[in-house]
Amino acid sequence: MLVRELLLPVFVQVGLTFALLFMMGRARVGAIRRGKVRIGDIALGQPAWPDPVTKIGNAFANQFQLPLLFYVLAGLAIVTRQADLVITVLAWLFVATRLVHSVVHVTSNHVPTRFNAYVAGFVILLAMWVYFAVRIMLGEG
């Protein structure tokens, strides 16, 4: 079983989430300090942030969509002793797509590129779940 090997891409994904959170906080505080937005304009979640700040916030929010299913699968793979080479390689590929997606999101925000990274991550995550489910249902491993 490859527990540590599977946990490493999980830690990278968590690191990405925290990095985006830090970037978002810094960008939001900076926008307020520079007078680009007033606290009253965003107090109830209104979309008043400048575009660069919104891009980072959206990238951060995306880390609680597909990655949630990734975290669940990683935990289940470890608990059920299914953390094998296939799951680990797919985990790294998934995290790579999340990194690409996030970088595109906070920089150019080129939607076709961002969408392709998202779809690639979705397909990889789906493959991980199908592989895991088949192994569990067939009693392999």
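The values are calculated or read from the model by the stated rules, or taken from the named source; none is laboratory data. The structure displayed is predicted, hence computed values, not measured ones. Note that each Cβ is placed from the backbone with ideal geometry, even for glycine, and that neighbours are counted across all protein chains shown.
The C-beta contact set for region 100-120 (first residue closer than 19 Å to R26 by Cα and touching a residue at least 60 places away in the same chain (Cβ under 8 Å), second residue of a type in the set (G, A, S) and surrounded by 12 or more Cβ atoms within 10 Å (Cβ to Cβ), distance under 7 angstrom, 6+ apart or interchain) comprises S102/A59; V106/A59. Among all positions in region 54-61, there is at least one residue which is surrounded by 15 or more Cβ atoms within 10 Å (Cβ to Cβ), of a type in the set (K, R), out of contact with any Phe, Trp or Tyr (no Cβ under 7 Å at 6 or more places or on another chain) and touching a residue at least 12 places away in the same chain (Cβ under 8 Å). The set of residues in region 20-36 that are without any contact (Cβ under 8 Å) to a residue 60 or more places away in the chain and crowded, with 17+ Cβ neighbours inside 10 Å comprises M24, A27, R28, A31.
Where helices (runs of 4 or more DSSP H) fall entirely within region 1-103, those with at least 3 residues that are out of contact with any strand residue (DSSP E or B) (no Cβ under 8 Å at 6 or more places or on another chain) and closer than 30 Å to L138 by Cβ are at 3-33, 66-79.
Looking across region 25-48, the residues that are at pLDDT 90 or above, of a type outside the set (D, E, K, R) and closer than 18 Å to A61 by Cα come down to G25, A27, V29. In this structure, is I136 among the β-branched types (V, I, T) and either surrounded by 15 or more Cβ atoms within 10 Å (Cβ to Cβ) or in contact with a strand residue (DSSP E or B) (Cβ under 9 Å, 6 or more places away or on another chain) (or both)? For I136, the condition - among the β-branched types (V, I, T) and either surrounded by 15 or more Cβ atoms within 10 Å (Cβ to Cβ) or in contact with a strand residue (DSSP E or B) (Cβ under 9 Å, 6 or more places away or on another chain) (or both) - is not met. For region 63-89, enumerate the residues that are of a type in the set (A, V, I, L, M) and under 15 Å from R135 (Cα atoms). Correct list: L73, A74, L76, A77, I78, V79, A83, L85, V86, I87. Here Q46 meets the list (1) under 30 Å from F122 (Cα atoms); (2) in contact with a helix residue (DSSP H, G or I) (Cβ under 6 Å, 6 or more places away or on another chain) almost entirely, failing just condition (2). Does T107 satisfy being closer than 19 Å to L20 by Cβ and among the polar types (S, T, N, Q)? In short, yes.
With respect to the stated conditions, T17 fails to be touching a residue at least 12 places away in the same chain (Cβ under 8 Å), loosely packed, with under 15 Cβ neighbours inside 10 Å and at negative phi.
Okay, residues lined up against (1) among the aliphatic types (A, V, I, L, M); (2) crowded, with 21+ Cβ neighbours inside 10 Å; (3) in contact with a helix residue (DSSP H, G or I) (Cβ under 8 Å, 6 or more places away or on another chain); (4) under 30 Å from D51 (Cα atoms):
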| position | (1), (2), (3), (4) |
| --- | --- |
| V72 | yes, no, no, no |
| I78 | yes, no, yes, no |
| A83 | yes, yes, yes, no |
| A91 | yes, yes, yes, no |
| V95 | yes, yes, yes, yes |
| R98 | no, yes, yes, yes |
| H101 | no, yes, yes, yes |
| S108 | no, no, no, yes |
| P112 | no, no, no, yes |
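Output yes when any residue across region 35-58 is within 14 Å of the chain's Cα centre (by Cα) and of a type in the set (F, W, Y), and no when none is. No, because not a single residue in region 35-58 is within 14 Å of the chain's Cα centre (by Cα) and of a type in the set (F, W, Y).
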